[in-house]
1. Checking the conditions here, which among Val72, Val58, Val103 is open to solvent by less than 20 Å² (accessible area, probe 1.4 Å), over 15 Å from Leu35 (Cα atoms) and in the same structural domain as Ser22 (by the TED database)?
2. Those residues that are assigned to a helix (DSSP H, G or I) and open to solvent by less than 30 Å² (accessible area, probe 1.4 Å), I need them from region 27-50; list them, please.
3. Does Lys254 count as free of Cβ contacts under 8 Å to residues at least 24 places away in the same chain and over 30 Å from Tyr148 (Cα atoms)?
4. Which of the residues spanning region 20-37 are at pLDDT below 85 and either in contact with a Ser or Thr (Cβ under 8 Å, 6 or more places away or on another chain) or closer than 21 Å to Leu81 by Cβ (or both)?
5. How many of the residues making up region 369-403 are small (Gly, Ala, Ser) and either part of a helix (DSSP H, G or I) or touching an Asp or Glu at 6+ places or on another chain (Cβ under 6 Å) (or both)?
6. Return the residue satisfying two criteria in turn: it lies in region 67-88 and is of a type in the set (A, V, I, L, M, F, W, C) and outside any helix (DSSP H, G or I), and of such residues it is nearest to Leu100 (Cα to Cα).
7. Would you mind listing the helices (runs of 4 or more DSSP H) fully within region 178-252 where at least 3 residues are open to solvent by 50 Å² or more (accessible area, probe 1.4 Å)?
8. Taking region 130-139, which residues are at pLDDT below 75 and open to solvent by 50 Å² or more (accessible area, probe 1.4 Å)?
Amino acid sequence: SEDPQIRKASVIKIRKILQNLSPAEAVQPVIDTGLVPAIVSLLESEETSLQCEAAWIVTNIASGTTQQTEQVIDAGAIPKLIVLSASPNADVADNAVWALANVVGDSARLRDRVEEEGGVAALVKLVDRGGPSFEKVQRRAVWAISCYLNPWSSRKLPITRVRDLVFTECLKSIEYAVQSLDRIGDRHLQRTDFIATGVVPHLVKLLGDSFSSITLQKQVLRCLGYLVSGSDDDTDVAVEAGLLPGLLVPLETKNQYLCQLALWNASNVAAGSYSQVYALIGSGLLKPVVRVLMDDQESTICRREACWTISNLTRKVSGHAKIAQAFIEGRCIEALSAALLIPDRQVKELAVSGITNVLEWKPPQGSEAVESPLTMLRRASGPQNLRAVRDSRDVHDQKIKRECHSLLIRYFPDCSKRARV
């Protein structure tokens, strides 16, 4: 309509239809009216309220199927939304960014279309936008970048821009920023580039922050796990930032995935240099790791990660008195023996590998060990548990059975005789 009042009333009515019904119910009927090109044209209106209403409608249409989203794209929405994303009106800019986020998060093809027309560059620019009234626009821009990274993107991301949002005081912005960093890691970003952002100490701090949500802690642990799965130099950065004592917080939660991620981080550190192993021991992490492994109430996946940690440590014990002492006092030998009875193939493999390493220990030069590893393993029911795995009808992995038999014959011949079944 040429009448501004009628036009505005019509736009508001369309927006309310989309607002009150689900996308599956409302989007296609709006498209079928043939009004999408007219609605998109209102993005260029000189009236701010009409821009806001039109951007809101486009956002909702773009929340539908790919074919429905293409309707607003084909009507020329992308360049108009990019312009509006820089609007001095925060509500208009927010709606425009939200619409762009829905488009880049729809499919690889539409994401590429937005990128080609300069939409991603505009989103990155918004991350640097100042002013307290535009905080929600910044948050929306970081969320949009997160959508851009999900999960088909393989391009290099503006990590320095995302980094800036990690240091804000807005928790939602931090969550979106860390989520983006997590996805950047998934795209094989060089760990040196990740370290160069300077975010590692802040990520570690977020682990112990009482205001950090479980979602944020998970994303932080994934980011740090990506780092410590690299070289010893990469791992040193996280360890020196206080990662290991920081892992104590998620390890004491009742959230299974948090516990799993914390143990994954710990297992990678345990596989690192001797200085990193010393740091792990000094952090007090060994006690909760052993607790998880020996607790039948813990999930198998968490117990598996705990077993990884202890099994990795067994490679560092031989000849190192401090590590050996911590290993023995921490009941790690008892934990490896108990792990043999956990009904999980990989846990059994790790336990057998760890026990093999324990039995091959060489006492540190000049030390006077009170007991040999053989004696300690006997006291922890190691021979009986090895035999139980070897003779079990529920264990179908013949390699594990052969390894158990080999250990029994070599170290515990008195227990090697098969039980009568």
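1. Val103
2. Answer for region 27-50, where residues must be assigned to a helix (DSSP H, G or I) and open to solvent by less than 30 Å² (accessible area, probe 1.4 Å): Val27, Val30, Ile31, Val36, Ile39, Val40, Leu42, Leu43, Leu50.
3. yes
4. Pro23
5. Final tally of qualifying residues: 3.
6. Going through the qualifying residues, I end up with Ala86.
7. 191-196, 214-228, 232-240
8. Gly130, Pro132, Ser133
The values are calculated or read from the model by the stated rules, or taken from the named source; none is laboratory data. Values in this document were obtained by computation on a predicted structure and should not be read as measured data. With ideal geometry, Cβ positions are generated from the backbone for all residues, glycine too; neighbour counts draw on all protein chains shown. Remember, those area values only see protein heavy atoms, side chains included, never the ligands or the DNA or RNA. Shrake-Rupley method; radii C 1.70, N 1.55, O 1.52, S 1.80 Å.
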